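First the structure, in the form of structure tokens, and then the observations on it.
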């Protein structure tokens with residue numbers, strides 16, 4: 001069974017790490033218990049809509065961006081979509097930025 | 001505050017109506033209490049990942065499709081996206097199918 005909370009947790013952790021923040025910092029800014037946020041990130045606890053709003057605000061990422069990324073990950077799991085729709089094709093990268101293709 | 005459960009509820013109801021099914025039919029197929037499903041659709045109750053998986057299976061719609069639609073609706077609410085990204089621009093329609101632009 002595909003569990004949405006696991007993808008939500010992964011996406012929230014990805015954004016947090018991308019921003020170089022600790023669980024403690026985000027939990028504090030979102031006024032959420034650190035242990036709870038940790039469980040949410042590990043997909044062990046469901047996140048309420050209010051907490052999700054608070055955490056995404058603390059991370060300064062729109063909820064829509066989080067939910068779309070969750071949808072994209074689920075599509076890959078369900079095998080109904082190409083893996084990374086947002087990735088620029090290699091040949092296009094080579095065209096626009098030739099030096100990248102030399103690496 | 002933007003509440004994800006309201007968009008999830010709206011999207012689930014949209015899919016149910018699209019399929020011409022009653023709350024009772026979907027609740028029965030998903031083994032969920034009718035009153036609970038009704039509250040979920042109205043955005044009054046959070047839906048657990050397990051219930052969401054069961055309801056989307058009963059509706060025969062991939063969870064990823066539901067979550068992407070939720071993300072699209074949130075993007076409109078957040079004002080960070082055009083309202084209907086999947087709609088073909090009028091001028092492109094006119095170009096490809098000239099007869100449509102005469103209506």
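Each value in this text was obtained by applying a stated rule to the coordinates, not by laboratory testing. Everything numeric here is computed off the predicted structure, so don't read it as measured data. Because the Cβ atoms are built from the backbone with ideal geometry, glycine has one as well, and the counts that use them run over all protein chains shown.
Some notes on this structure:
- P(r) histogram, all alpha-carbon pairs of region A:3-88 included - 10 Å bins from 0, percent: 18, 53, 24, 6
- Shortest-first nm distances, residue A:44 label point to equivalent points in other copies (7 Å, Cα→Cβ): 3.3
- Judged by the gyration tensor of its Cα atoms, with axes a ≥ b ≥ c, region B:23-65 is oblate; a/c meets the 1.5 cut and b/c is at least as large as a/b.
- Cα→Cβ-extended label distance, 7 Å offset, between residue B:45 and residue A:42, nm: 2.9 nm
- Among residues of chain B, the one whose Cβ lies closest to the rotation axis carrying chain B onto chain A, together with that distance rounded to whole Å, is B:71, 3.
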